[in-house]
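Asker: Below you will find the structure I want to go over with you.
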Ligand code: TYD
Ligand code: MG
């Protein structure tokens, strides 16, 4: 037996220390160190005596067969995995509690089982009866999924080694698994890491694909074992605002496919429904005719997605005005505000600024700058933007509107959804092609756009001399109270 080495391991990031301390120096979290045996499962005596064998080295060139994939039968899920689950690969799915991870995986396993594959669902969190209840609710009770409520990795591996190799195994969740090879308590970093290692070894050896469900901490990281993220082949996060019906599955890491694709689902009373045209969904509850909203023509992976950005700019009553943003990068918002102040004469230091991406989507593209700026200025001067226009373009620190990729795809989607015009970077006009079907308003600097919106404001504006009074759309008044 290995000499046991006790260390204090941070349960948030996995850093190990010789003695206890209140704060983890690696990730900065407080009170996350727990005592663990970190000697590992291979005794040192064996490790050091083993003589290395030699192996053949290969060249980079040469043909390898395509990774054999197993299509899940859910096109949104396949899109994110890059075309299906790869044989022998391990995928980690993270997400907040209650977001729908178990529901998604119950649906996916049932479809595969119905297609005749051996599929196993191991639940460490719920009793068999609970999983059955969910399946019943989803109308999937008849699917021949093999089900068990187990937490011992050794028992799971022995059971699954018998009979035909399963094509897909779901472990819900990795935090509940434990292995005899380490002495720490279940749920600790060492346990989770060792359990994941054992399961990964099983997947590589047999060729079964494994999906590990992982919990997420309050700041959105897969809890405890960041290390597990490095061990697995792919990491997906399942996101969504609790109050909204939309759920987005996003690839964070993928050794066998792209990482910028998203899958969009809607949670209904009968489980998750795939949303094949997200733009329609995100724009379905637009409130037309309110100042402070602009439609952004974005791209997620290979797919264009139109989404509404909502801004509220209101005089502040605080010493330091508030800046709050949902669904977009706060530092990007600060940058756009700084450019508006510095180059366009838009004074915002006396105003609270709120920005929201409708529908619970998170936008990562800098191309949203122009739409955000348009929404902000529109709210400030209380002038409604044209309801049939989309916006996209990156704003540089000098106030120049810079081109972004995939202009034709953005325009095509906008035209398809009935938009009449697009506000876009001057230099992207060439990419647009003549047949965009939209009237193009090319702007080369943010100042031009601000002047246009301000002109709309003053045209309508003589009567509305007190913009503050109706600058607050009712929706925000409710939300902010
Ligand atoms: P679940 O898959 O258990 O979440 P997770 O495994 O990520 O913790 O989903 C739980 C939520 O989903 C729960 O609040 C109820 C809701 N739900 C539906 O709205 N419709 C359904 O058909 C199902 C099965 C769940
Ligand atoms: Mg669950």
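Asker: Hey, can you tell me all the residues within region 80-101 that are surrounded by fewer than 19 Cβ atoms within 10 Å (Cβ to Cβ) and within 16 Å of ligand 2 (Cβ to nearest atom)?
Answerer: Selection gives 96, 97, 98.
Asker: Residues that are modelled with pLDDT under 95, more than 13 Å from ligand 1 (Cβ to nearest atom) and not assigned by TED's automatic domain parsing to the domain that holds residue 253: which helices (runs of 4 or more DSSP H) entirely in region 40-149 hold 2 or more of them?
Answerer: Fully inside region 40-149 and qualifying: 44-49.
Asker: Something else: Can you tell me how many residues within region 160-186 are outside any strand (DSSP E or B) and within 16 Å of ligand 2 (Cβ to nearest atom)?
Answerer: Residues in region 160-186 being outside any strand (DSSP E or B) and within 16 Å of ligand 2 (Cβ to nearest atom): 5 in total.
Asker: Next question. Taking the condition surrounded by 22 or more Cβ atoms within 10 Å (Cβ to Cβ) and either in contact (Cβ under 8 Å) with a residue 12 or more places away in the chain or in a loop (DSSP other than H, G, I, E, B) (or both), does residue 210 pass?
Answerer: In short, yes.
Asker: Identify the single condition in (1) within 15 Å of ligand 2 (Cβ to nearest atom); (2) within 26 Å of the chain's Cα centre (by Cα) that residue 127 does not satisfy, given that it satisfies every other one.
Answerer: Exception for residue 127: condition (2).
Asker: In region 133-159, which residues are touching a residue at least 24 places away in the same chain (Cβ under 8 Å), closer than 29 Å to residue 185 by Cβ and more than 16 Å from ligand 2 (Cβ to nearest atom)?
Answerer: The answer is 146, 152, 153, 154, 156, 157.
Asker: Still on this model: Hey, any hits in region 103-117 for a residue that's touching a helix residue (DSSP H, G or I) at 6+ places or on another chain (Cβ under 8 Å), over 16 Å from residue 271 (Cα atoms) and more than 14 Å from ligand 2 (Cβ to nearest atom)?
Answerer: Scanning region 103-117, I find no residue that is touching a helix residue (DSSP H, G or I) at 6+ places or on another chain (Cβ under 8 Å), over 16 Å from residue 271 (Cα atoms) and more than 14 Å from ligand 2 (Cβ to nearest atom), so the answer is no.
Asker: Run residue 276 past the list (1) within 16 Å of ligand 2 (Cβ to nearest atom); (2) under 18 Å from the mean Cα position of the chain (by Cα) and report the number of the one that doesn't hold.
Answerer: (1)
Asker: Could you name every one of the helices (runs of 4 or more DSSP H) located completely within region 342-436 that has at least 2 residues being at pLDDT below 90, farther than 16 Å from residue 332 by Cα and not assigned by TED's automatic domain parsing to the domain that holds residue 324?
Answerer: Counting at least 2 such residues, we get no helices (runs of 4 or more DSSP H) at all.
Asker: Within the bounds of region 313-324, is there any residue that is outside the structural domain of residue 81 (by TED's automatic domain parsing), closer than 25 Å to residue 249 by Cα and not in a helix (DSSP H, G or I)?
Answerer: Scanning region 313-324 turns up at least one residue that is outside the structural domain of residue 81 (by TED's automatic domain parsing), closer than 25 Å to residue 249 by Cα and not in a helix (DSSP H, G or I).
Asker: How do the pairs read when you match residues in region 241-259 that are not assigned by TED's automatic domain parsing to the domain that holds residue 76 with residues anywhere that are surrounded by 19 or more Cβ atoms within 10 Å (Cβ to Cβ) and at pLDDT 85 or above, using Cβ under 8 Å and keeping only pairs 6 or more apart or on different chains?
Answerer: none
The values are calculated or read from the model by the stated rules, or taken from the named source; none is laboratory data. What you see is a predicted model; the values in this text were computed from it and never measured. Using ideal geometry, Cβ is built from the backbone for each residue, glycine included, and neighbour counts are taken over all protein chains shown.
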